[in-house]
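The values are calculated or read from the model by the stated rules, or taken from the named source; none is laboratory data. Please read these numbers as outputs of a predicted model, since none were measured by experiment. Neighbour counts run over all protein chains shown; Cβ positions are idealised from the backbone, glycine included. Each accessible area value is taken on the protein alone, full model and side chains, heavy atoms only, with ligands, DNA and RNA left out. Shrake-Rupley method; radii C 1.70, N 1.55, O 1.52, S 1.80 Å.
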Amino acid sequence: MKKLCVLILALGFLGTAAVAEVEPWADVWTNLANFSTNGERSNFNSFILRSEGKFGFHLPTGLNNFNLDPYIAYYGVYSQDKNYWNNEVATGLGLRFYPFINYPGDNWSNEWVKDLKVFVETLNLTVLQDQANATTNEVKTADFRVGLDLWHEWNLKEPDNKYPWAEVWGNLSYRDTNFIDKFIPKFKTYLLFLHTKVGLHLPGGVRPYLAYDLTMSSRPEAWYNSLYYGAGVRFEPFREQKDPPELLRKFKMFVEVMGISWLQQKDSRPSSDMRFGIDFTYGR
């Protein structure tokens, strides 16, 4: 399966050199925030930088609006906390496509369907700090993933302030290792992330909202099974401008207060979190 994936990716990238109609694309998300808890310690109080990006080409297939999108990907985390799991970056190759790109969504309840993506990735991990412990704990350094991904916004591109806004990011994938260590014999299962915000438009780019962040897996560990829920407010200074710089159009400053429900291993874990920081996306 992995060899087949690598072959498909290689053919995709080679094809981009031969087809004049290819178009480059980028998909980037970056978040720098202070967290009062890391899910284990209630006095964590540290900044964590998380970022992920994909850079690729739309490769036409000859079918109506249907492209194959080979890409290079990275997933990174860096923190004041020196543990290796908060200081690492995974890089690799991927291929994705939009199976419902021609779906005629005609209202808020189904317009998101055309944004659903199918993807496959092969990744390799580099530890940025605490390498000795990572080596001792035999952290896996390769992963294979296949699944579904979704990013969609309602009433944010050209906002009508009379109505609420919303955004959702969801990712459901099978993962071979998820870069686990020796304390988890094998992963080889699915992992679901679902992050949703629903809010109001206030003058000056101020947007209060309700939010929940769901993580679920068939694994029994608590950090794979949690529900964060609460409220936040964010300020988007550039979205309100007539012609904002594209890189800064979705720049946000935010603060959130969240409760935590643990779906597995509930005892002796923090029940709340407070976050504040900055966030921006490009290409989503």
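General remarks:
- Yes/no for Gln241 being assigned to a loop (DSSP other than H, G, I, E, B), closer than 23 Å to Ile180 by Cα and open to solvent by 50 Å² or more (accessible area, probe 1.4 Å): no
- Residue match in region 90-100 (condition: closer than 26 Å to Lys182 by Cβ, in contact (Cβ under 8 Å) with a residue 24 or more places away in the chain, surrounded by 19 or more Cβ atoms within 10 Å (Cβ to Cβ) and in contact with a strand residue (DSSP E or B) (Cβ under 9 Å, 6 or more places away or on another chain)): yes
- Of all residues in region 54-76, exactly one satisfies the criterion of being closer than 30 Å to Arg275 by Cα, small (Gly, Ala, Ser) and in contact with a Gly (Cβ under 8 Å, 6 or more places away or on another chain), namely Ala73.
- Here Phe235, Phe187 are screened, and the one residue that is surrounded by fewer than 18 Cβ atoms within 10 Å (Cβ to Cβ) and either over 23 Å from Leu247 (Cβ atoms) or more than 20 Å from the chain's Cα centre (by Cα) (or both) is Phe235.
- Note on region 252-281: residues that are farther than 26 Å from Leu172 by Cα and assigned to a loop (DSSP other than H, G, I, E, B) amount to 2.
- Residue tally, condition exposed (fewer than 15 other Cβ atoms within 10 Å of the Cβ) and of a type in the set (Ser, Thr, Tyr), over region 101-114: 1
- Comparison of Ser79, Ser51, Ser42, Ser36 shows that the only residue that is open to solvent by 60 Å² or more (accessible area, probe 1.4 Å), of a type in the set (Ser, Thr, Tyr) and either touching a Lys or Arg at 6+ places or on another chain (Cβ under 8 Å) or under 29 Å from Met274 (Cα atoms) (or both) is Ser42.
Each row is one residue, and each column tells you yes or no for (1) in contact with a strand residue (DSSP E or B) (Cβ under 8 Å, 6 or more places away or on another chain); (2) open to solvent by 40 Å² or more (accessible area, probe 1.4 Å); (3) of a type in the set (Gly, Ala, Ser).
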{"site": "Glu153", "(1), (2), (3)": "yes, no, no"}
{"site": "Pro164", "(1), (2), (3)": "yes, yes, no"}
{"site": "Gly170", "(1), (2), (3)": "yes, no, yes"}
{"site": "Asn178", "(1), (2), (3)": "yes, no, no"}
{"site": "Leu192", "(1), (2), (3)": "yes, yes, no"}
{"site": "Val198", "(1), (2), (3)": "yes, yes, no"}
{"site": "Arg219", "(1), (2), (3)": "yes, yes, no"}
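- Against the list (1) at pLDDT below 95; (2) assigned to a strand (DSSP E or B), the condition Ile101 fails is (2).
- Out of Lys242, Lys252, sole residue that is in contact with a Phe, Trp or Tyr (Cβ under 7 Å, 6 or more places away or on another chain) and over 19 Å from Ser42 (Cα atoms): Lys252
- Restricted to region 128-237, the set of strands (runs of 3 or more DSSP E) holding at least 1 residues that are among the polar types (S, T, N, Q) and under 27 Å from Ser272 (Cα atoms) comprises 165-175, 189-199, 206-217, 226-235.
- Meets criteria (among the small types (Gly, Ala, Ser) and either open to solvent by 50 Å² or more (accessible area, probe 1.4 Å) or assigned to a loop (DSSP other than H, G, I, E, B) (or both)) for Gly56: no
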